[in-house]
Amino acid sequence: MNKIIILGFLLTFSLFGTDIKWEKDLSTAVEKGIKEQKPLMVLVTKNGCRWCDVLKQNTLKNAKVVSILNHDFIAYEGVVDEGSVPRSLMTQGTPATWFIKGKSPMFEPIMGAVESNDFLKALEIVKQEYKKSTTQK
């Protein structure tokens with residue numbers, strides 16, 4: 001009985017953790033995405049950006065969003081004013097959320113602080129398109 005309780009606790013904790021597993025640098029994230037055959041989510045932010053903070057503190061703390069990102073995606077955050085965003089992913093504003101297959105963006109970025117439900121819909125679309133493009137080889 002104790003084993004079942006412990007297993008249930010561990011499963012709940014792993015499924016509903018509130019922290020995204022962020023890669024430390026973009027080149028590692030790209031290579032990991034290729035190796036694990038997962039789309040890369042690149043979040044482009046800027047220090048002091050109010051909407052970046054809203055996105056990170058609300059949508060990216062949602063347990064379901066975190067679970068899907070940690071299971072089905074590789075995640076990287078690039079900060080514009082820290083020089084960790086490549087020129088090709090620079091946008092007029094922040095936050096910008098890019099989804100990348102291999103080394104190429106799949107779509108235009110999602111701009112702004114998107115609500116959790118809309119972000120979850122976007123993640124599902126990305127997963128479907130990634131799978132479709134991978135199986136069409």
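Some notes on this structure:
- Evaluation of Thr94 against (1) out of contact with any Lys or Arg (no Cβ under 9 Å at 6 or more places or on another chain); (2) under 22 Å from Lys24 (Cα atoms); (3) in a loop (DSSP other than H, G, I, E, B) (one fails), failing number: (1)
- For region 108-137, filtered to residues that are modelled with pLDDT of 95 or more and not in a helix (DSSP H, G or I), the residue that is surrounded by the fewest Cβ atoms within 10 Å (Cβ to Cβ) is Glu108.
- For the residues Val80, Val54, Val65, the requirement of being more than 27 Å from Ser133 (Cβ to Cβ) and crowded, with 17+ Cβ neighbours inside 10 Å singles out Val80.
- For Thr97, the conditions (1) in contact (Cβ under 8 Å) with a residue 12 or more places away in the chain; (2) surrounded by fewer than 13 Cβ atoms within 10 Å (Cβ to Cβ); (3) of a type in the set (S, T, N, Q) are fulfilled apart from (2).
The values are calculated or read from the model by the stated rules, or taken from the named source; none is laboratory data. If you're wondering where the values come from, they're calculated on a predicted model, not measured in any experiment. Here the Cβ is made from the backbone with ideal geometry for all residues, glycine too, and neighbour counts use every protein chain on show.
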